[in-house]
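Data first, discussion second: the structure below is written as structure tokens.
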Amino acid sequence: LDMEFTGLHSTSLQNNEPSLFDSPAERYVKARQSVQRFTLVQLGLAIFSKENSNKYVVHSYNFFLFPSTLGIRDVEVTLSASSIQFLSHYGFDYNKFLKDGIPYMNEIQEKIVRQRLLAGTWEVCSNADKDVLKKAINEVTSWIGAAKEEDTMILQDLNGYHVLEVQLVLRQALENVWTEPLGDNKVVVKKVSPECRQLLENSSYDHCQKKLILLSARGFTNLFQILVKAKKPLVGHNMLMDLMHLHDKFYKPLPESYEEFKRNIHNLFPVIIDTKTVIKSVQKKCLFPRVSSLLEAYAVLCSSNLNPKGPPCPVIALASGCSRYAEKKSPHEAGYDAFLCGSVLLMSAHLLLCRSTDDAVEADPSFSQYLTVLAEHVNKVNFIRGGVSSINFSGEDAPSRHPPALIVHVRGWPGLTERQIYQEFKSRCRFDVRRLSENQFILLANQYKHVRRVLRDYRHHPHLQVSVYRHWRHSPSVNCLLQISGIVALWSLVAFALGGNSSC
């Protein structure tokens, strides 16, 4: 699975950037706000099927998506300039997204549509749709007065949901008409008697049956529900945002509770594998070179002989209709990146299996053997720059092993802000900054060499004293507790002394 979005992190929200200080729950709150603002533009699925011996055949698909506008409140689509520019650089087809995007809706939106269909109180929400429908209704009402039963007319130049909404509105407004889609964005309107209308409504040939309307309105959500029922392993790369969008757009609006989100995702997809966490493991165990992207990892796994003694990696063959990806790289096209995810997973799992045992690995390992060797990574989704290294969707999150925090004492430099401290250290390395007190700041880095460099370079700074943060020594809460304990001890000593004097 892979997705492309109209944006990642909203800059209009204060303090929304990811930080090393973030706990998983804090990061979830930030990401939730962004997911609610941005939408999907493309979703890629690559389905890997084991054909024979050690060969997997891949069917890879691209789905351009656009929020459903059928019978629900108009959805706002927010765009991030950098994300739009990024996708444009890689040739993303925005016309296909806007004109031909497949609709989708979550359970709350579907409930609204279902209620309106059952109540017969159809409501058109989009102003653009209202103009089209108003024109169609004017044409029909002008025609029907002089028309005889069985006479017909044709409405033209309709598109998308207009074909469906025109029929629903006309049938709701006029009891003596019947409608049918004609194809080529046209609708046939026929004048009928009320008795004939009732017979037609109960016919199985009616194109406006409620179940067919819901099927059309759900769009891609139908496929999402099939994926949920299949319970197959779901593979992605750095997939936290993907999972949040899956939940928000196709299942239910994201809950406020981080733990509830984790439970919901685990119920939907019991086996999740993030190739980012798998690659980290391969780098440690197999002397795998450092890579900065999924495409780089794929290239290394394909070209390097990292396992000279063991059996060859599985053969991964693209199905005939998907052969374009075998001939040309298409980075950041969702279907291609989904293909890369599955391929990297299989090759990495094979490598780990060969390194995990002293016994000879059979020439045709099963996928269940791969899952066994990947067990420590299952349901662990990579957490970018934060308080844990990964989010565990089937248990407690394990704390991350960051380099030690640093504390900066400021002397003779009044009014210093977090931003100024960040700018001060930015030229040497990247730290996240948080104010501890009026003249103290905590610095967090994710590389030990940065910590060593700052401790060395600021040893004799005239205004900034940098040292390793010790919770028992520097924490305001610990200091406050020590002060209170000291006061209590002092009063106890005084009371004891006074009591002793009185008794004498």
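Some observations on this one:
- Any hit, segment 43-50, residues being touching a residue at least 60 places away in the same chain (Cβ under 8 Å) and not in a strand (DSSP E or B): no
- In this structure, residue 349 qualifies as buried (at least 23 other Cβ atoms within 10 Å of the Cβ), assigned by the TED database to the domain that holds residue 279, in contact (Cβ under 8 Å) with a residue 60 or more places away in the chain and over 30 Å from residue 93 (Cβ atoms).
- Scanning segment 210-221 finds one or more residues that are of a type outside the set (S, T, N, Q), touching a residue at least 24 places away in the same chain (Cβ under 8 Å) and over 30 Å from residue 46 (Cβ atoms).
- Segment 174-217 - residue that is part of a helix (DSSP H, G or I) and open to solvent by 80 Å² or more (accessible area, probe 1.4 Å) and, of those, nearest to residue 118 (Cα to Cα): 210
- Pair list, Cβ < 8 Å and 6+ apart or interchain, from segment 236-250 residues that are under 15 Å from residue 384 (Cα atoms) and open to solvent by less than 10 Å² (accessible area, probe 1.4 Å) to residues that are modelled with pLDDT under 95 and not in a helix (DSSP H, G or I): 239/382
- Search result, residues across segment 399-418 that are more than 24 Å from residue 383 (Cα to Cα), open to solvent by less than 30 Å² (accessible area, probe 1.4 Å) and not in a strand (DSSP E or B): 416
- Residue 421 out of contact with any helix residue (DSSP H, G or I) (no Cβ under 9 Å at 6 or more places or on another chain) and not polar (S, T, N, Q): yes
- For segment 154-173, a residue qualifies if it is of a type outside the set (D, E, K, R), more than 20 Å from residue 116 (Cβ to Cβ) and in a loop (DSSP other than H, G, I, E, B), and the qualifying residues are 156, 158, 159.
- Test: residue 291 is open to solvent by 20 Å² or more (accessible area, probe 1.4 Å), closer than 22 Å to residue 368 by Cβ and outside any strand (DSSP E or B): no
- One residue stands out in segment 52-92 among those that are of a type in the set (Phe, Trp, Tyr) and assigned to a strand (DSSP E or B): the one that is farthest from residue 35 (Cα to Cα), namely 56.
- Test: residue in segment 43-55 that is farther than 30 Å from residue 314 by Cα and open to solvent by 30 Å² or more (accessible area, probe 1.4 Å): no
- Test: residue in segment 425-437 that is free of Cβ contacts under 8 Å to residues at least 12 places away in the same chain and basic (Lys, Arg): yes
The values are calculated or read from the model by the stated rules, or taken from the named source; none is laboratory data. Source: prediction; values computed, not measured. Note that each Cβ is placed from the backbone with ideal geometry, even for glycine, and that neighbours are counted across all protein chains shown. For accessibility, only protein heavy atoms count, side chains too; no ligands or nucleic acids. Shrake-Rupley method; radii C 1.70, N 1.55, O 1.52, S 1.80 Å.
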